[in-house]
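Working notes for the structure below.
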Amino acid sequence: MAKFQRRTSSNILLKTALENFYDAAEEMKLDKGLIEVLCRPERAVKVAVPVQMDNGTVKVFDGYRVQHSTACGPSKGGIRFHPCVDLDECEALAMLMTWKCSLAGIPYGGGKGGISVDPNTLSKNERERMTRTFAARISKVIGEWDDIPAPDVATGGQEMVWILDTVSKLHGRFEPAMLTGKPVSYWGSEGRTSATGLGVYTCVKEVLEAGGDTFKDSKIIIQGFGNVGMNNALFLHNSGAKIVGISDITGGYYCENGIDVPAAVRYAQENNKLLEGYDQLGLVKMSNEDILTQECLVLCPCALEGVINENNAKLIKAKYIVEGANGPTTPEADKILDKRGIHIVPDFLANSGGVIGSYFEWAQNLAGYFWTEDEYNQRLIQIMEANFKRVFKYAIAHNTTMRRAAFCVAIERVADNLKLRGFFL
Ligand code: NAD
């Protein structure tokens, strides 16, 4: 392969995204021209977002929207409000969305955007004015067949409705499919709330089957009891798996005979989403660090990034790790776990239920026809099962890890579409 200059960045997220891409692309012997195309975003927009504050002064925030690739379809990705948002971060996250959508087998490329702001310093009215001005200024590049944003850090259904309302008025027609993550009452989808957890659960089921282990009574530990962890725990519990450990920001909760998951869910829902004080017969309270290293067949980190690292990778006793959170395993830990023969289902496969669910919302909005939650869940499970099997097959055929296989499968589909379509526009 001809030599080429690798792009790099001082932004750690972008540097890592580029390195992962180049490493996989080189291993796949991807054409140099395709590498040059795919290591850059197709479009990066920066806008100023002036906001009249409640006290009459004006503040100007920086806003961004990056579209990494539209080789497989319109770009798709979240909009976040956070002080650290900048062009490099959006570029890195947009690239990751390209691979995630490609791997998920849905007809999208990757996008990401946001505003560099501390949203906690804004009143609701200031937040609305900022969101609408940002929406107006990126309105030329988003749309149901162009780029489809969704909620991300510190944004939710309310922001999606403000953006939809603003951009629809500017486009001169109502386009509900231009955004996903809308409230169920306003063009959102039944099933979206538990979609990521359902996807993680499906990957647990698949990896156990692939490894010749039985699902029933398998001991499972889940870190994080929020949207992803709690829903994953419920689906697993309802399918007969034994959840021996759960945790949240208040600590770890371990029970050899199995956590009563519905009771723990009820408890958390009545206690400000926290498990603090939860008890049942045989329950042992322990630290967040210790819960990760207890005896179990499957460990599902569903909370934070970097929790499995070089300090604890040697102590993990699980046979399988299914990553519900984004980036829970550091590259150093990855190597240690690989050497120890522990199988990892990587984040952008395991937690892709959310973006697949967004695709369902988009499809329903375009058709103007809504599905039942049961239809939504059945279709999600079918897609997740097929995606898992595709990556697993690749990993076996190429004698590589599921993580590397997932990257290669994802890049391959984008590259194939680029070859088909060309890239003049
Ligand atoms: P959430 O805020 O609903 O829940 C996070 C949970 O983690 C909470 O229970 C919190 O108490 C717990 N937690 C925080 N610090 C902890 C610690 N030190 N130890 C143990 N638990 C701790 O968030 P979420 O939506 O469930 O997202 C969790 C992860 O999944 C994130 O990495 C997110 O990026 C990723 N993810 C979420 C979705 C989605 O649809 N929600 C989709 C893809 C990826």
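The values are calculated or read from the model by the stated rules, or taken from the named source; none is laboratory data. Remember, it's a predicted structure, so these values are computed and weren't measured experimentally. Using ideal geometry, Cβ is built from the backbone for each residue, glycine included, and neighbour counts are taken over all protein chains shown.
When you scan segment 152-180, how many residues do you find that are within 17 Å of ALA135 (Cβ to Cβ), in contact (Cβ under 8 Å) with a residue 24 or more places away in the chain and among the hydrophobic types (A, V, I, L, M, F, W, C)? The total comes to 9. Only a single criterion out of (1) out of contact with any strand residue (DSSP E or B) (no Cβ under 7 Å at 6 or more places or on another chain); (2) crowded, with 18+ Cβ neighbours inside 10 Å is not satisfied by SER185, namely (2). In segment 253-276, the residues that are surrounded by fewer than 18 Cβ atoms within 10 Å (Cβ to Cβ) form Cβ pairs under 6 Å with partners that are outside any loop (DSSP other than H, G, I, E, B), at six or more places apart or across chains, as follows: GLY258/LYS242. Out of TRP362, TRP371, one residue alone is touching a Ser or Thr at 6+ places or on another chain (Cβ under 8 Å), under 21 Å from TRP99 (Cβ atoms) and not charged (D, E, K, R). It is TRP362.
I'm trying to understand the selection: among the residues of segment 385-425, which are outside any helix (DSSP H, G or I) and touching a helix residue (DSSP H, G or I) at 6+ places or on another chain (Cβ under 9 Å)?
HIS398, THR400, THR401, PHE423
In segment 365-374, the qualifying residues are those that are part of a loop (DSSP other than H, G, I, E, B) and of a type outside the set (Val, Ile, Thr), and the one that is farthest from GLY191 (Cα to Cα) is GLY368. Could you grab the pairs with beta carbons closer than 6 Å, sequence gap of 6+ or different chains, first residue in segment 58-80 and of a type in the set (S, T, N, Q), second one assigned to a strand (DSSP E or B) and surrounded by fewer than 24 Cβ atoms within 10 Å (Cβ to Cβ)? Going by the 6 Å Cβ cut-off, the qualifying pairs are GLN67/ARG43.
Condition check ((1) among the β-branched types (Val, Ile, Thr); (2) surrounded by fewer than 19 Cβ atoms within 10 Å (Cβ to Cβ)) across all residues:
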residue	(1), (2)
GLY114	no, no
ASN125	no, yes
ARG132	no, no
ILE142	yes, no
ALA154	no, yes
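When the criteria are applied in full, ILE246 fails the requirement of being away from the ligand (no atom under 12 Å from the Cβ), closer than 26 Å to ASN311 by Cβ, in contact with a helix residue (DSSP H, G or I) (Cβ under 7 Å, 6 or more places away or on another chain) and not in a helix (DSSP H, G or I).
Residues are listed down the side, and each one gets a yes or a no for (1) among the hydroxyl-bearing types (Ser, Thr, Tyr); (2) modelled with pLDDT of 95 or more:
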position	(1), (2)
ASP152	no, no
LEU164	no, yes
THR180	yes, yes
SER185	yes, yes
THR196	yes, yes
VAL204	no, yes
ILE221	no, yes
GLY240	no, no
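Here's the yes/no breakdown for (1) within 20 Å of the chain's Cα centre (by Cα); (2) assigned to a loop (DSSP other than H, G, I, E, B); (3) without any contact (Cβ under 8 Å) to a residue 40 or more places away in the chain:
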{"residue": "LYS182", "(1), (2), (3)": "yes, yes, no"}
{"residue": "TRP187", "(1), (2), (3)": "no, yes, no"}
{"residue": "LEU198", "(1), (2), (3)": "yes, no, no"}
{"residue": "CYS203", "(1), (2), (3)": "yes, no, no"}
{"residue": "VAL207", "(1), (2), (3)": "yes, no, no"}
{"residue": "ASP217", "(1), (2), (3)": "no, yes, yes"}
{"residue": "PHE225", "(1), (2), (3)": "yes, yes, no"}
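If GLY181 meets every condition in (1) under 25 Å from PHE360 (Cβ atoms); (2) away from the ligand (no atom under 14 Å from the Cβ) apart from one, which number is that one? So GLY181 meets the others, but not (2). Within segment 254-309, the set of residues being among the β-branched types (Val, Ile, Thr), farther than 26 Å from GLY353 by Cβ and out of contact with any helix residue (DSSP H, G or I) (no Cβ under 7 Å at 6 or more places or on another chain) comprises VAL284 only.
Of everything listed in (1) in contact with a Leu (Cβ under 7 Å, 6 or more places away or on another chain); (2) assigned to a helix (DSSP H, G or I), the single unmet condition for GLU128 is (1). Note on segment 78-121: residues that are of a type outside the set (D, E, K, R) and assigned to a helix (DSSP H, G or I) total 17. Confirm whether LEU275 is over 20 Å from the mean Cα position of the chain (by Cα) and at pLDDT 95 or above. For LEU275, the condition - over 20 Å from the mean Cα position of the chain (by Cα) and at pLDDT 95 or above - is met.
Report yes if THR193 is within 30 Å of ASP374 (Cβ to Cβ), within 15 Å of the ligand (Cβ to nearest atom), within 26 Å of the chain's Cα centre (by Cα) and among the hydroxyl-bearing types (Ser, Thr, Tyr), otherwise no. Considered against the rule, which asks whether it is within 30 Å of ASP374 (Cβ to Cβ), within 15 Å of the ligand (Cβ to nearest atom), within 26 Å of the chain's Cα centre (by Cα) and among the hydroxyl-bearing types (Ser, Thr, Tyr), THR193 comes out as yes. Is it the case that PHE235 is in a loop (DSSP other than H, G, I, E, B) and of a type in the set (Phe, Trp, Tyr)? Criteria not met by PHE235. Quick one: which residue in GLU305, GLU310, GLU332 is modelled with pLDDT of 95 or more and acidic (Asp, Glu)? Testing whether each residue is modelled with pLDDT of 95 or more and acidic (Asp, Glu) leaves just GLU310.
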